[in-house]
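Here the structure is laid out as structure tokens; the discussion comes afterwards.
Nothing in this text is a laboratory measurement; each read-out follows from the coordinates by a stated rule. Keep in mind it's a predicted model, so treat the numbers as computed, not measured. Methodologically, a virtual Cβ is constructed for each residue, glycine included, from the backbone with ideal geometry; neighbour enumeration extends over all protein chains shown.
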Amino acid sequence: MIDNKVMSVVQPDLNYNGGFIRAARVARMARKESWYAPNFEIKNGVIPVPTEPGMGLEFDPEFLKKCTVVKR
């Protein structure tokens, strides 16, 4: 489902997926591409504090180029 882009939001559930290990597998599968820049690396369970204003995130322009505008 993730590979075929059937869903755009994936939230592993420990109870539904059958425990932590299976939920972690789903989380790894869902980690295909990032929509924000910079891509923070978690080291020893810690994310560095951004030094930029605000949250320190920007939309990745390369990701936005691949997006499709949906109109009603």
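Any chance region 8-22 includes a residue that's among the charged types (D, E, K, R) and in a helix (DSSP H, G or I)? The answer is yes, given that some residue of region 8-22 is among the charged types (D, E, K, R) and in a helix (DSSP H, G or I). When region 36-72 is filtered for residues that are outside any loop (DSSP other than H, G, I, E, B) and either among the aromatic types (Phe, Trp, Tyr) or within 19 Å of residue 5 (Cβ to Cβ) (or both), the ones remaining, listed by number, are 36, 59, 62, 63, 64, 65, 66.
Across region 1-21, the qualifying residues are those that are among the polar types (S, T, N, Q) and farther than 16 Å from residue 67 by Cα, and the one among them that is surrounded by the most Cβ atoms within 10 Å (Cβ to Cβ) is 17.
The condition of being of a type in the set (D, E, K, R), surrounded by fewer than 11 Cβ atoms within 10 Å (Cβ to Cβ) and in contact with a strand residue (DSSP E or B) (Cβ under 9 Å, 6 or more places away or on another chain) holds for only one of 52, 58, that being 52. Pairing residues of region 13-38 that are under 24 Å from residue 63 (Cβ atoms) with residues that are of a type in the set (Phe, Trp, Tyr) and outside any helix (DSSP H, G or I), at Cβ distances under 7 Å and at least 6 apart in sequence or on separate chains, gives 35/59; 36/59. Of all residues in region 22-46, those satisfying the criterion of being of a type in the set (A, V, I, L, M, F, W, C) and surrounded by 10 or more Cβ atoms within 10 Å (Cβ to Cβ) are 23, 24, 26, 27, 29, 30, 35, 37, 40.
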